[in-house]
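The structure under discussion appears below in the form of structure tokens.
The values are calculated or read from the model by the stated rules, or taken from the named source; none is laboratory data. Quick caveat, the model's predicted, so the values are computed rather than measured. Positions of Cβ are backbone-derived with ideal geometry, glycine not excepted, and every protein chain shown enters the neighbour counts. Surface areas here come from the heavy atoms of the whole protein model, side chains and all, with no ligands, DNA or RNA. Shrake-Rupley method; radii C 1.70, N 1.55, O 1.52, S 1.80 Å.
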Amino acid sequence: MSLADSDRELVVSELDREPTRAEAALFENLWSEHCAYRSSRPLLSAFDSEGERVVVGPGDDAAVVALDGETYITLGIESHNHPSYVDPFDGAATGVGGIVRDTLSMGAYPIALADSLYFGEFDDEHSKYLFEGVVEGISHYGNCIGVPTVAGSVDFHTDYEGNPLVNVACVGLTTEERLVTAEAQEPGNKLVLVGNATGRDGLGGASFASEDLAEDAETEDRPAVQVGDPYAEKLLIEANEQLVDEDLIESARDLGAAGLGGASSEMVAKADLGAHIELDRVHQREPNMNALEILLAESQERMCYEVEPDNVERVREIAERFDLGCSVIGEVTEGNYVCTVEESASGERETVVDVDAYFLGEGAPMNDLESEVPPEPEPDLPDADLTDAFDAVVSSPNTASKRWVYRQYDHEVGVRTSVGPGDDAAIMAVREAEQGLALSTGGAPNWTDAAPYEGARAVALENATNIAAKGATPLAAVDCLNGGNPEKPDVYGGFTGIVDGLAEMCETLSTPVVGGNVSLYNDSVAGPIPPTPTLAMVGAKDGYDAPPLSVAADGDLLLVGDRGLAADDVRLGGSEYLAQFDGSDRFPALPDDPAALIETLAAVADEDATLAVHDVSHGGLAVALAEMVTADAGLEVSLPGDDPAGTLFHEQPGRALIQTDSPAAVRDAFDGVAPVVELGTATDGGRLVIDAGDRTIETDAATIRERRATIERDLE
Amino acid sequence: MTVSIVRFGGSNCDRDAERALAHLGIDAEIVWHEDGLPADVTGVVLPGGFSYGDYLRAGAMAARSPIMTEVREAAADGVPVLGVCNGAQVGCESGLTEGAFTTNESARFQCEHVSLRVERADTPWTAAYEEGEIIEIPIAHGEGRYEITDDRLAELEDEGRILFRYCDENGDPTPKANPNGSKHAVAGILGDRDSVAVLMPHPERATLPDVGPTDGQGILRGLER
């Protein structure tokens with residue numbers, strides 16, 4: 001890939017000369033889809049990113065949200081899709097590294113990671129290889145740097161076979177005083193590069209991420225994948241913390257896509273300033289690197305800091321204490337963004353880049369693409385035996401236990417994890433604000449494949465329901481919007497749908513979308529991926545306790561929020577049931593007042609009479625019931641209505657199962673908000689009995705556990 | 001007069017140990033390995049993490065850093081020393097304790113809660129428990145399988161230097177309850193004096209009541225003065 005002709009013409013007319021080789025490469029990478037969001041930015045204005053607790057919205061390395069007057073959290077999400085296809089271990093590992101550095105550059109300490117992963121069908125050998133490699137890469141890197149991985153999701157869908165998705169989110173903790181941004185502050189300040197030495201790795205990663213994966217990508221594009229060193233990252237985390245402690249940083253940016261050229265030009269562009277960078281001052285790992293390589297290498301574990309001249313020496317001392325390389329590479333100016341190198345022969349400085357930073361950062365023309373709304377599927381329902389269907393849906397890799405995955409992640413380091421992975425949402429103890437921070441991330445390829453707009457609304461509501469089920473109220477969200485090649489009208493139409501759907505539901509829930517990431521061209525010879533919005537949502541609650549997911553041996557079980565059942569309009573579109581037995585249906589209509597539903601659910605979850613709460617979504621009521629029984633406590637339920645398959649397997653989000661000592665109080669709370677159905681009662685022992693009119697499904701916790709062990713049984 | 005928590009590059013449970021000890025009212029501070037131990041150190045924690053990125057071999061590089069000479073001297077003077085997870089690997093690599101912790105039988109990292117049987121209750125680390133008591137403590141390691149020669153293990157067992165074993169809900173050290181394939185289900189051992197102990201499970205993660213079980217408090221109380 002090289003700079004497109006139309007872009008080159010624009011650059012030539014702005015510069016009034018031909019760009020140098022280094023400039024052309026900078027424009028190519030910074031004006032790529034990955035960096036400049038050329039096809040998505042026109043759509044992103046749909047998101048409401050403002051709110052009274054939003055401190056820093058979209059556009060910085062990470063977003064910042066206030067928990068109280070003093071304590072802030074940062075939120076960021078990133079995709080590392082193409083690298084993870086070419087090299088799953090390193091691709092995924094460096095995805096973690098990148099989003100953690102985005103947290104550091106806000107002056108924050110990382111306290112939690114979450115990742116949403118999407119692969120081809122589990123029984124496909126290559127997909128399994130990618131899955132194992134990605135999980136191992138995340139485990140290796142996240143564990144080593146001591147940041148707990150507490151939440152996430154894994155989905156399998158045939159359309160990811162040629163292009164898996166790795167979306168990683170990070171939550172950090174900072175304060176009003178410690179907050180740093182990526183906006184350069186003052187001409188004359190020094191730019192200091194701290195971290196790993198720069199080598200020839202990850203060259204052109206940004207443009208690699210901005211085109212379809214070629215058939216030979218695994219061999220041909222390997223040089224575009226970076227290799228991570230979590231040990232260096234851990235040293236960087238601690239060094240950064242000390243730099244912030246001592247108030248030595250004026251602004252900061254991590255070196256990610258487009259390397260030093262990207263980070264340093266973006267810092268000054270934000271403030272409409274310039275910089276002079278002496279490229280030969282960069283500490284290098286390999287000899288004879290040329291200007292372009294130094295500028296664009298995506299070597300990992302590097303940060304660019306703006307430092308006042310008087311503080312440079314102290315920054316150097318701290319870097320040295322942590323065995324990190326450090327070089328003063330230039331300074332902030334009021335002029336252009338200028339890079340020079342020393343000519344080895346003459347000793348004179350040659351200017352290799354001299355452009356307006358703002359034009360470089362913001363000058364990329366936006367694409368106006370054709371879009372086509374995908375058609376809604378007609379109902380065509382399969383006729384499967386109820387018990388067979390129950391077994392198939394409960395043991396599908398999509399709904400099965402993900403213990404094999406999260407057991408490999410250190411999810412308790414940091415001693416903040418009050419509720420860990422395997423539950424609806426994680427809860428982190430933020431003792432600094434005496435608040436529990438709930439975190440839920442996920443997408444739903446079957447939903448957004450069936451109905452991009454409604455499916456994306458559902459994804460947002462589903463994450464909010466997860467948070468509310470643990471008694472927390474949504475606070476803010478960041479999104480990772482993954483799509484195929486946007487130049488195909490139907491792909492762009494689907495992508496437009498997920499953007500609008502996500503935006504609509506987040507606004508309805510008064511949950512500002514404070515940042516995100518877009519990844520397009522997830523397209524290969526196997527075709528485009530389903531439009532995939534991953535949402536990472538945080539919520540807050542008083543205290544760190546939450547009702548358990550598992551039932552206790554005594555108490556009534558209620559189903560709240562089932563609009564389909566109440567309106568006699570159950571729809572199976574997007575369900576695992578249809579995925580298993582081949583069929584189609586319209587996507588479920590969502591609850592009438594989602595905001596009131598979420599608020600009420602969060603309040604009820606924290607009532608003393610509430611014994612257990614579990615969100616109902618993927619795999620429907622069948623999977624939710626199966627997940628709630630234990631060896632000590634079972635359930636006897638009877639299904640309302642005369643459509644047992646629909647009732648058990650439809651996946652309308654915004655529903656929860658509540659076990660309570662006080663059903664009347666739950667009914668009162670939801671009166672006028674959402675329908676409440678009494679399903680049955682809990683029992684001693686681990687039996688699950690579902691009475692479906694003329695049929696009864698009978699099973700027990702041990703059998704369910706065995707069925708749900710699909711992934712670990714195969715991989716252990 | 002404080003406990004020193006030794007931070008190597010790559011340590012990542014140092015802050016957790018500090019928070020857990022503070023909760024118990026035990027004065028402790030993190031000490032950067034290059035700065036050495038303070039003269040009046042009352043106890044040493046070698047925390048979990050990935051010192052030196054586990055390069056070469058888990059714990060091997062840290063064990064050879066100058067501060068470990070000071071730690072061995074302090075241990076010889078009777079100062080209590082506790083190695084946790086990577087700290088246990090460092091303890092074995094540096095000769096504070098015998099044997100080695102190596103790659104899990106599963107060859108994967110494992111993070112989960114396990115049951116431990118208290119083998120001796122008459123040490124500073126286990127005074128809060130009964131002999132044979134079962135306690136719940138989390139593990140989080142990829143290299144926690146205890147290895148040593150059969151002869152030497154028999155001698156350590158005779159000398160009463162096995163502190164904890166992995167066990168099931170009945171207290172039996174069954175293969176199924178042994179998360180990493182440790183020989184004789186050993187989870188923690190004593191050095192040549194009772195005041196030196198290492199274990200793979202994380203007592204500091206089972207100390208703060210606001211995030212889970214608190215069975216690990218007794219172990220950390222071995223650092224109380």
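Residues that are at negative phi, of a type in the set (Val, Ile, Thr) and within 14 Å of chain A (Cβ to nearest Cβ) occur in region B:188-209; there is at least one. For region A:451-468, the set of residues classified as in a helix (DSSP H, G or I) and open to solvent by 10 Å² or more (accessible area, probe 1.4 Å) consists of A:Pro452, A:Tyr453, A:Glu454, A:Arg457, A:Glu462, A:Asn466, listed by residue number. Can you say whether A:Val413 is within 14 Å of chain B (Cβ to nearest Cβ) and either assigned to a loop (DSSP other than H, G, I, E, B) or among the acidic types (Asp, Glu) (or both), as far as the supplied structure shows? It is true that A:Val413 is within 14 Å of chain B (Cβ to nearest Cβ) and either assigned to a loop (DSSP other than H, G, I, E, B) or among the acidic types (Asp, Glu) (or both).
Looking at region B:98-108, is at least one residue touching an Asp or Glu at 6+ places or on another chain (Cβ under 7 Å), among the β-branched types (Val, Ile, Thr), within 14 Å of chain A (Cβ to nearest Cβ) and surrounded by 19 or more Cβ atoms within 10 Å (Cβ to Cβ)? Looking through region B:98-108, none of the residues is touching an Asp or Glu at 6+ places or on another chain (Cβ under 7 Å), among the β-branched types (Val, Ile, Thr), within 14 Å of chain A (Cβ to nearest Cβ) and surrounded by 19 or more Cβ atoms within 10 Å (Cβ to Cβ). The sole residue among A:Thr696, A:Thr630, A:Thr703 that is open to solvent by 10 Å² or more (accessible area, probe 1.4 Å) and assigned to a strand (DSSP E or B) is A:Thr696. Counting only helices (runs of 4 or more DSSP H) that sit completely within region A:3-90, those holding 2 or more residues that are open to solvent by less than 40 Å² (accessible area, probe 1.4 Å) and aliphatic (A, V, I, L, M) correspond to A:5-15, A:21-30.
Out of the residues in region B:210-221 that are facing chain A (nearest Cβ under 10 Å) and farther than 13 Å from B:Ile137 by Cβ, state the one that is least open to solvent (accessible area, probe 1.4 Å).
B:Val211
Restricting the search to helices (runs of 4 or more DSSP H) fully inside region B:1-115 and requiring at least 3 residues that are within 30 Å of A:Gly133 (Cβ to Cβ), at pLDDT below 95 and aliphatic (A, V, I, L, M) gives B:60-63. Looking only at region A:537-552, count every residue that is within 14 Å of chain B (Cβ to nearest Cβ), touching a helix residue (DSSP H, G or I) at 6+ places or on another chain (Cβ under 6 Å) and either basic (Lys, Arg) or part of a strand (DSSP E or B) (or both) and tell me the total. Total meeting the criteria: 0. The set of residues from region B:109-126 being surrounded by 20 or more Cβ atoms within 10 Å (Cβ to Cβ) and either basic (Lys, Arg) or at positive phi (or both) comprises just one member, B:Arg117.
Considering only region A:498-518, state which residues are open to solvent by less than 10 Å² (accessible area, probe 1.4 Å) and more than 18 Å from A:Ala63 (Cβ to Cβ). If the condition is that a residue be open to solvent by less than 10 Å² (accessible area, probe 1.4 Å) and more than 18 Å from A:Ala63 (Cβ to Cβ), then A:Ile498, A:Gly501, A:Met505 are the ones that fit. Scanning region A:418-448 for residues that are within 7 Å of chain B (Cβ to nearest Cβ) and open to solvent by 10 Å² or more (accessible area, probe 1.4 Å) gives a single hit, A:Ser418. Of all residues in region A:136-151, those that are in a helix (DSSP H, G or I), in contact with a Lys or Arg (Cβ under 9 Å, 6 or more places away or on another chain) and surrounded by 24 or more Cβ atoms within 10 Å (Cβ to Cβ) total 3.
To keep it simple, each residue is scored yes or no on (1) open to solvent by 10 Å² or more (accessible area, probe 1.4 Å); (2) not in a strand (DSSP E or B).
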{"residue": "A:Gly564", "(1), (2)": "no, yes"}
{"residue": "A:Asp569", "(1), (2)": "yes, yes"}
{"residue": "A:Leu597", "(1), (2)": "no, yes"}
{"residue": "A:Ala612", "(1), (2)": "no, no"}
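Within region A:370-400, the residues that satisfy the criterion of being open to solvent by less than 50 Å² (accessible area, probe 1.4 Å) and hydrophobic (A, V, I, L, M, F, W, C) are A:Ala384, A:Leu386, A:Ala389, A:Phe390, A:Ala392, A:Val393, A:Val394, A:Ala400.
Assess whether B:Tyr129 counts as being away from every other protein chain (no Cβ under 14 Å) and buried (at least 22 other Cβ atoms within 10 Å of the Cβ). Please lay out each step first, then the result.
Numbers: away from every other protein chain (no Cβ under 14 Å): yes; buried (at least 22 other Cβ atoms within 10 Å of the Cβ): no.
Answer is no for this residue.
Can you tell me which residue is farthest from the chain's Cα centre (by Cα) among those in region B:182-225 that are of a type in the set (Val, Ile, Thr) and not in a helix (DSSP H, G or I)? For region B:182-225, the residue satisfying everything is B:Thr214. B:Val84 fulfils the conditions (1) of a type in the set (A, V, I, L, M, F, W, C); (2) under 25 Å from B:Cys167 (Cβ atoms); (3) over 14 Å from the mean Cα position of the chain (by Cα) except for a single criterion, (3). A count restricted to region B:1-43 and to residues that are among the hydroxyl-bearing types (Ser, Thr, Tyr) and open to solvent by 10 Å² or more (accessible area, probe 1.4 Å) stands at 2. Criterion first (touching a Cys at 6+ places or on another chain (Cβ under 6 Å) and either over 30 Å from B:Gly53 (Cα atoms) or in a loop (DSSP other than H, G, I, E, B) (or both)) does A:Val352 satisfy it? Against the criterion (touching a Cys at 6+ places or on another chain (Cβ under 6 Å) and either over 30 Å from B:Gly53 (Cα atoms) or in a loop (DSSP other than H, G, I, E, B) (or both)), A:Val352 qualifies. For region A:469-487, a residue qualifies if it is within 19 Å of A:Gly162 (Cβ to Cβ) and open to solvent by 10 Å² or more (accessible area, probe 1.4 Å), and the qualifying residues are A:Asn485, A:Glu487. In this structure, is A:Val312 assigned by TED's automatic domain parsing to the domain that holds A:Glu250 and at pLDDT 95 or above? Considered against the rule, which asks whether it is assigned by TED's automatic domain parsing to the domain that holds A:Glu250 and at pLDDT 95 or above, A:Val312 comes out as yes.
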